[in-house]
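Asker: Handing you this structure, nothing more for now.
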Amino acid sequence: MHPKVLPVLVLIFATAAPALAAARLEVLPGYTSARPGARIRLTAVAWVGPKDKPVATLPPSIQWSTSAGQIDSGGLLMIPTEAPPQITVRARVGAMEAKAVIRIRRQDLVVLPNGVRLLSGKSLRFTALDFSGGFAKTPAKIEWEAERGLVTSSGRYRAPDTSGPDTITIKIGDRVATAQILIVGKPGKVTPRATPPSGTPAPRRSPLAEGEPWKIRSWTSSGGFSSKSHKIVLDVYHPDAATIKTYISRVGGKESISGSRVVKPGGHYTLTLSLAMTSTGARVALYDAKGKLLASRTRGK
């Protein structure tokens, strides 16, 4: 007698593979600055894997190209001594392409603001920025001098009582930087204005009367540990102002651009940017049409 064979039901469960994000390419650093004749090592990273947790991989073969200078197969960019104001580097891996922008700095040390007007007898704070480390920082020890006005060790300047140009000079060791300022008309007696009708908006103050390239009205942040949102409200005064750019700083001092906006003198603007957990701070900068830095402000996360 043969044993009875019972039928067996086998269930096979198929587990869906996680949705993969389309691979993308990124060049690091994506936005930085350097001096003519300098060398910069760029790295191309391919991001692949699940959409919520992409993984960075180094492509085995990369095609590099640059708008100026030379770049080798390992991503080492050699900036020419007669470099243009901006260099664009591109990396290609198959059908993927990414780029990085290098802004050329003719000088590591700058004084801001530069080229503004100020009423005689009024005060204005100047800021020194040192770019020698690859990103903007405020030097610890600075020697301040003014040809005609008075300037304190913290950069607080008071204009003379007579109109005309003035030069503010800073020294750090053997490095020197200057800023020009034009002192205009000593303010006279102010005649009281008639009270406007109820509901009439008050006239805005003339931008040139501020004596500053811009005025940051507020800079607020909100969010938790993993991410934060920054909101910046500002007025632009400099007559040559053309663009405002925002940057995000990351661990190691690397900085990347997060946004750019065309502006006009006398305009009022609100900027927003988001900082991830790996971000260490943010910076907003004002430029003229030729890319010259007019003002800059940095804030931690």
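The values are calculated or read from the model by the stated rules, or taken from the named source; none is laboratory data. Since this is a predicted model, take the numbers as computed values, not measurements. Neighbour counts run over all protein chains shown; Cβ positions are idealised from the backbone, glycine included.
Asker: Being surrounded by fewer than 18 Cβ atoms within 10 Å (Cβ to Cβ) and in a strand (DSSP E or B) is the filter here; which residues of region 74-86 pass it?
Answerer: L76, M78, Q86 - these are the residues of region 74-86 that are surrounded by fewer than 18 Cβ atoms within 10 Å (Cβ to Cβ) and in a strand (DSSP E or B).
Okay, residues lined up against (1) under 30 Å from I62 (Cβ atoms); (2) in contact with a helix residue (DSSP H, G or I) (Cβ under 6 Å, 6 or more places away or on another chain); (3) not aromatic (F, W, Y):
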site: A91; (1), (2), (3): yes, no, yes
site: E97; (1), (2), (3): yes, no, yes
site: L118; (1), (2), (3): no, no, yes
site: A140; (1), (2), (3): no, no, yes
site: W144; (1), (2), (3): no, no, no
site: G155; (1), (2), (3): no, no, yes
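Asker: Criterion first (in contact with a Leu (Cβ under 6 Å, 6 or more places away or on another chain) and not assigned by TED's automatic domain parsing to the domain that holds K254) does I62 satisfy it?
Answerer: When the stated conditions are applied, I62 does not pass them.
Residue-wise test of (1) of a type in the set (G, A, S); (2) modelled with pLDDT of 90 or more; (3) surrounded by fewer than 19 Cβ atoms within 10 Å (Cβ to Cβ).
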| residue | (1), (2), (3) |
| --- | --- |
| V45 | no, no, yes |
| P50 | no, no, yes |
| P60 | no, no, yes |
| S65 | yes, yes, yes |
| T88 | no, yes, yes |
| V93 | no, yes, yes |
| V101 | no, yes, yes |
| V110 | no, no, no |
| P113 | no, no, no |
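Asker: If we only count strands (runs of 3 or more DSSP E) wholly inside region 88-168, which ones have 1 or more residues that are small (G, A, S)?
Answerer: 96-104, 123-125, 127-130, 143-146
Asker: Only one of these is outside the structural domain of S123 (by TED's automatic domain parsing) and modelled with pLDDT under 70: K231, K245, K189. Name it. Reasoning before the result, please.
Answerer: On the way: K231 fails: modelled with pLDDT under 70; K245 fails: modelled with pLDDT under 70.
So the residue among K231, K245, K189 that is outside the structural domain of S123 (by TED's automatic domain parsing) and modelled with pLDDT under 70 is K189.
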